[in-house]
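Single-structure report; data block below.
The values are calculated or read from the model by the stated rules, or taken from the named source; none is laboratory data. This is a predicted model, so every value here is computed, not measured. Virtual Cβ from ideal backbone geometry, glycine too; neighbours counted across all protein chains shown.
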Amino acid sequence: MFSSDYISRLSRLIFQVITLAFVSLFLILPLCVIISESFGGGLKAYLNAISHPDTLLALGLTFLAVIVTLPLNVLFGIVAAWALTKYEFRGKSLLSALIDLPFAVPPVIAGFILILYLGKHGVFGSLLEKFDLNIIFSTPAIVIATLFVTIPFVARELIPLMQEQGTEEEQAAVSLGASTLQTFFYVTLPNIKWALLYGIILTVARSMGEFGAVSVLSGHIRGKTVTLPLHIEILYNEYNFTAAFAVSSLLMLLALLTLIAKEFFFWKLNSGGSVHQVQEDTVPGDPAS
Amino acid sequence: MKKTGSQNHFLPGFGLSLGFTLVYLSLLVLVPLSLLSFRALSLDGTLYRDIFQDPRTLAAFKLTFASSFIAAGLNLIFGFIVAWTLVRFPFPGCSFIDALIDLPFALPTAVSGIALTSLYVRSGMVGRYLDIFGIQVAFAPLGVVVALSFISLPFVIRSLQPALKDIEREYEEAAISLGASPISVFFAVIFPAIRPALLTGFSLAFARALGEYGSVVFISGNMPMKTEIISLLIAGRMEQFDYDGATALAAVTLLASFMILLSIHLIQWHYSRKIQPRS
């Protein structure tokens, strides 16, 4: 018979080996492939690919989508989390479920819904025709699709934290004569800043990487309505693999920076403000769904 | 959690914040979604009949739901092993692995798609070894499963980690000292404690996999009847401006996935009623 100590050491080893093998094969290997493929044509080809005018235009559009999406969804996230956590009212759980709804809608269907909404045959169709505006297959469509898929991220990060913090500090501030804005900026914001930053990071990551919704709404007009992920698709389908991977390596770099920032914010959340401990392991909002 | 009770609307700004939230959500989410449902309800019934009679559509439905289910199931097994190792058997470099778990969330799906494809094609780094055994991953249904497992990997692990941390080891030790085998300890002590977390992780992974588009279009090869997923069919209808067909497909897909998620929630609720909160 084996001693129980032997069995527990053996099972420990088996678990660790499987984990290491699984993580290296499934997570680390894809990263290595991106790097090796993108430098497959040498450094010069790599630099040519990432400085190509089409790449820069795609980068610009991606940047624009992020710049417009971020402030709107940050504002929404803060206001929605405030409304859901600082007051009691009926239908609260329904509202909370509604905020999560964009997570549950497949991106392609989200894109389709927005076409029905904004297209020529949509609600505003006649209005748009009157002013000769075409929203779908143009830049605004990409921005609105990005807006749709990233709605829940900031709110999802703030709600559990603000729920835990309660309203006592805000009530104290208001009863001492602070205005609502003062209360928010001097009392609430310092308490939620790291969670807010994490929500911002998730929003940025997802808005840069969104593919499905943007793909069906963009019309794939090269140099006009193509974001970085769509540009990768075009290059890949043209068998221009080196360039596709070179552009991918840029997005991979941003993804890794996101992960580092995430670790930093969690560390800050758990080490700073000892009064309000945040559970690290709540399922994070999903930047890529 | 604190309830403010009688001091309910003591803080100013209730109307404004709730109003803004509702208007924003209505404009961006509710109105567009209800448009789809109105359109879906007013469609001719034959369109729905066609969906269930067209072999190509049926094949896409089968592939999407089956591969999402398999991917979420695989994540359940490997997710448990990885989460267990990270919580119970930490080793040097563990925190690096822990940080890396979220990579599929952070990496744009198009990037994941082309990276996985080049790994698993016949000449790829992994594919060439699988090819020896006659296993084809890229441009085959198996590729869809691989892509879906990759993008939904973090859900199970991230749901399991806090649950595993919460398990009190005394129960396991008691069971072992009473002579229980490791397998019976798992099923009698550990599994009941992590069942809610497993269900949550599974349903999140499944829901995410059902809607995935970016990574699958690269690795699957998009062959009709063989490796075509529903999202691709919907995108195809839209490209042909067949909005009625796209509406019917989208409505059926949304309904099916909502119903599956609802039934998982009901199972969850069933168990949470049976097990009263420990306090």
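Only one residue in B:64, B:85, B:57 is out of contact with any strand residue (DSSP E or B) (no Cβ under 7 Å at 6 or more places or on another chain), crowded, with 17+ Cβ neighbours inside 10 Å, without any contact (Cβ under 8 Å) to a residue 60 or more places away in the chain and hydroxyl-bearing (Ser, Thr, Tyr). Which one? Just one listed residue meets the conditions, B:85. Residue B:106 falls short of the stated requirement of being under 30 Å from residue A:259 (Cβ atoms), surrounded by 18 or more Cβ atoms within 10 Å (Cβ to Cβ) and more than 12 Å from chain A (Cβ to nearest Cβ).
For the stretch B:142-152, taking the residues that are in contact (Cβ under 8 Å) with a residue 24 or more places away in the chain and more than 7 Å from every other protein chain (Cβ to nearest Cβ), the one that is nearest to the chain's Cα centre (by Cα) is identified as B:152. Give me the pairs, please: first residue somewhere in the stretch B:28-39 and farther than 12 Å from residue A:105 by Cα and facing another protein chain (nearest Cβ under 7 Å), second residue anywhere and modelled with pLDDT under 90 and not in a helix (DSSP H, G or I), beta-carbon distance under 7 Å, and either six or more positions apart or on two chains. These pairs meet every condition: B:35/A:123. The listed residues are A:117, A:87, and the only one of them that is over 25 Å from the mean Cα position of the chain (by Cα), surrounded by 14 or more Cβ atoms within 10 Å (Cβ to Cβ), under 22 Å from residue B:20 (Cα atoms) and at the interface with chain B (Cβ under 10 Å from one of its Cβ atoms) turns out to be A:87. For residue A:64, the criteria (1) buried (at least 18 other Cβ atoms within 10 Å of the Cβ); (2) at pLDDT 90 or above hold in every case but one, which is (1). If you go through the stretch A:4-26 one residue at a time, do you hit one that is of a type in the set (Lys, Arg), part of a helix (DSSP H, G or I) and more than 30 Å from residue B:98 (Cβ to Cβ)? No, the stretch A:4-26 has no match at all.
Which residues, taken from the stretch A:27-42, are modelled with pLDDT under 90 and not in a loop (DSSP other than H, G, I, E, B)? Passing the criteria: only A:42.
Just checking, which of A:85, A:69 is touching a residue at least 24 places away in the same chain (Cβ under 8 Å) and within 30 Å of residue A:243 (Cβ to Cβ)? Give the steps one after another, and end with the answer.
Numbers: A:85 fails: within 30 Å of residue A:243 (Cβ to Cβ).
The unique qualifying residue is A:69.
All of (1) in a helix (DSSP H, G or I); (2) within 24 Å of the chain's Cα centre (by Cα); (3) away from chain B (no Cβ under 12 Å); (4) aliphatic (A, V, I, L, M) hold for residue A:127 with one exception: (2).
When only residues in the stretch A:252-288 that are at pLDDT 90 or above and surrounded by 21 or more Cβ atoms within 10 Å (Cβ to Cβ) count, which is nearest to the other protein chains (Cβ to nearest Cβ)? The residue in question is A:255.
Residue A:82 falls short on exactly one of the conditions (1) more than 10 Å from chain B (Cβ to nearest Cβ); (2) in a helix (DSSP H, G or I); (3) within 30 Å of residue A:189 (Cβ to Cβ), and that condition is (1).
Only one of the listed residues (B:24, B:48) is touching a residue at least 60 places away in the same chain (Cβ under 8 Å) and part of a helix (DSSP H, G or I). That residue is B:48.
Evaluate the stretch B:122-141: report whether one residue or more is more than 8 Å from chain A (Cβ to nearest Cβ), buried (at least 24 other Cβ atoms within 10 Å of the Cβ) and not charged (D, E, K, R). Checked against the condition, which is being more than 8 Å from chain A (Cβ to nearest Cβ), buried (at least 24 other Cβ atoms within 10 Å of the Cβ) and not charged (D, E, K, R), the stretch B:122-141 yields at least one hit. Counting the residues of the stretch B:70-103 that are more than 10 Å from chain A (Cβ to nearest Cβ) and among the charged types (D, E, K, R) gives 0.
At least 1 residues being free of Cβ contacts under 8 Å to residues at least 60 places away in the same chain and within 11 Å of chain B (Cβ to nearest Cβ) is the threshold, and among the helices (runs of 4 or more DSSP H) wholly inside the stretch A:147-251 those reaching it are A:168-175, A:180-183, A:228-237. Checked against the criterion of being surrounded by fewer than 19 Cβ atoms within 10 Å (Cβ to Cβ), among the aliphatic types (A, V, I, L, M) and farther than 20 Å from residue B:151 by Cα, the candidates B:225, B:238 yield just one match: B:225.
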